[in-house]
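Have a look at the structure below, then the notes.
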Amino acid sequence: MRIASIDIGTNTFRLLVTEPGEGNSLHKLYVGREITRLGEGSGNGTRLIKPGAIERSLKALSGFSEIIRDLGVEKMRAVATSMVRESRNGLDFVNLVKSQTGLPVDVISGEEEALLTVSGVMKSVTFDTPDCLIFDIGGGSTEYIYVKEGTVANLTSTRLGVVCLTERFLPEEKESEAALSALGAHIEKTLAEGLSGFPPGGEGLTVIGTAGTPTSLAAVELGLVKYDANLVNNYTLTRDGIVDILDRILRTPRAERAAIPGLEKGREDLIVSGTEVVLKTLGRFSVGGMVVSDAGLLEGVAYGLLP
């Protein structure tokens with residue numbers, strides 16, 4: 001049986017087509033992604049999906065629908081996250097997707113998003129500490145999940161989405177020191193408030209980052225001209241290495257950043273705010289690095305469809 005999962009994110013839409021493998025695993029047949037910037041303009045707090053973003057998104061989802069049909073998918077689930085669930089016209093968007101592409105969309109809560117992410121990550125990454133902290137940096141939100149001895153002990157969804165942060169704090173072509181300072185202070189404040197119930201962490205904790213920012217940082221450090229999930233997944237990034245990557249990115253004009261091997265076109269502006277979230281997260285949990293997971297929400301949805 002072929003199954004498909006779709007992640008309708010604030011910045012990126014992703015499609016996975018898979019078959020059940022041995023031992024409740026996934027045998028991936030197709031992986032696709034489109035940067036649609038669905039959350040364009042959300043940094044001003046209006047939380048309204050713009051007509052241009054809707055048009056780009058419908059085009060991407062129409063393409064996904066054709067692929068699903070061509071590959072003979074029998075079971076599928078599409079989930080929408082932060083931008084759709086918080087937008088005033090989110091339901092209108094979901095109805096439009098159904099009528100124009102035939103794809104039914106489930107708008108999931110931040111809690112379900114976090115739990116699905118855990119499912120995808122824990123089956124993908126290996127680590128040797130009893131506890132781990134998983135964080136999923138999205139375009140409209142970042143989810144944090146503390147897993148203690150294999151059980152979810154705490155989880156929360158924060159408003160630290162890279163599209164929103166970039167539009168609010170780093171709208172200019174060149175990121176100034178004052179803007180970066182204001183961004184960092186906002187992230188620290190949000191983490192202090194949102195993660196107050198989480199343990200302090202320390203070097204005995206494994207921190208695992210998933211989604212576009214962590215995988216991009218790994219790809220840049222590896223110098224990947226072509227993205228390779230097998231090399232990125234389980235890759236360890238140190239805090240010092242991340243700082244070096246950020247310095248390199250900040251020295252490069254946005255218009256030239258797509259030429260940096262490993263940095264996906266469409267993330268030239270977002271990578272800075274995303275990297276700041278990574279660094280502030282490592283600081284909050286007092287760790288010197290993190291493990292990168294190529295798997296996350298998309299795979300978690302797929303696991304939930306397995307018979």
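The values are calculated or read from the model by the stated rules, or taken from the named source; none is laboratory data. This structure is a prediction, so every number in the text was calculated from the model and none was measured. Using ideal geometry, Cβ is built from the backbone for each residue, glycine included, and neighbour counts are taken over all protein chains shown.
Scanning segment 1-57 for residues that are modelled with pLDDT under 90, assigned to a strand (DSSP E or B) and among the β-branched types (V, I, T), we see that the one that is nearest to E113 (Cα to Cα) is T12.
Here C164 fulfils each of the conditions (1) crowded, with 18+ Cβ neighbours inside 10 Å; (2) modelled with pLDDT of 90 or more; (3) outside any loop (DSSP other than H, G, I, E, B) apart from (2).
Look through G204, G209, G197 and report the one residue that is exposed (fewer than 14 other Cβ atoms within 10 Å of the Cβ) and within 18 Å of T142 (Cα to Cα). Please lay out each step first, then the result.
Values: G204 fails: within 18 Å of T142 (Cα to Cα); G209 fails: exposed (fewer than 14 other Cβ atoms within 10 Å of the Cβ).
On inspection, the qualifying residue turns out to be G197.
Yes or no, residue by residue, for (1) assigned to a helix (DSSP H, G or I); (2) free of Cβ contacts under 8 Å to residues at least 40 places away in the same chain; (3) farther than 30 Å from N24 by Cα:
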site	(1), (2), (3)
L103	no, no, no
E113	yes, no, no
G120	yes, no, no
L133	no, no, no
Y146	no, no, no
V152	no, yes, no
K174	no, no, yes
A179	yes, yes, yes
A185	yes, yes, yes
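Is segment 281-300 home to any residue that is in a helix (DSSP H, G or I), closer than 24 Å to S157 by Cα, touching a helix residue (DSSP H, G or I) at 6+ places or on another chain (Cβ under 6 Å) and of a type in the set (A, V, I, L, M, F, W, C)?
Taking segment 281-300 first, the residues in a helix (DSSP H, G or I) are 281-284, 297-300.
From what is left, the residues that are closer than 24 Å to S157 by Cα are 281-284, 297-300.
Retained after the next criterion (residues that are touching a helix residue (DSSP H, G or I) at 6+ places or on another chain (Cβ under 6 Å)): 282, 284, 297, 299-300.
This time we only want the ones that are of a type in the set (A, V, I, L, M, F, W, C), so: 282, 297.
Taking every residue of segment 281-300 in turn, at least one turns out to be in a helix (DSSP H, G or I), closer than 24 Å to S157 by Cα, touching a helix residue (DSSP H, G or I) at 6+ places or on another chain (Cβ under 6 Å) and of a type in the set (A, V, I, L, M, F, W, C).
Taking segment 102-133 as the range and being over 18 Å from the mean Cα position of the chain (by Cα) and within 21 Å of L15 (Cβ to Cβ) as the test, the residues that pass are G102, L103, P104, V105. Residues in segment 56-91 that are among the hydroxyl-bearing types (S, T, Y) and touching a residue at least 60 places away in the same chain (Cβ under 8 Å): T81, S82. The single condition among (1) closer than 17 Å to R37 by Cα; (2) buried (at least 24 other Cβ atoms within 10 Å of the Cβ); (3) not polar (S, T, N, Q); (4) not assigned by TED's automatic domain parsing to the domain that holds G197 that A78 does not meet is (1).
Residues considered: I208, I242. Of these, the only one that is of a type in the set (V, I, T) and in contact with a Cys (Cβ under 6 Å, 6 or more places away or on another chain) is I208.
Is it true that some residue in segment 60-68 is among the β-branched types (V, I, T) and assigned to a helix (DSSP H, G or I)? Even if it seems obvious, please write down each step before you answer.
Narrowing segment 60-68 to residues among the β-branched types (V, I, T): 67-68.
Checking which are assigned to a helix (DSSP H, G or I) leaves us with 67-68.
Looking through segment 60-68, at least one residue is among the β-branched types (V, I, T) and assigned to a helix (DSSP H, G or I).
Given the residues I249, I260, I271, which is the only one that is crowded, with 22+ Cβ neighbours inside 10 Å and aliphatic (A, V, I, L, M)? Going through I249, I260, I271 in turn, the sole match is I271.
Residues that are closer than 15 Å to T36 by Cα and part of a helix (DSSP H, G or I) were ranked within segment 81-94; the one that is modelled with the highest pLDDT is F93.
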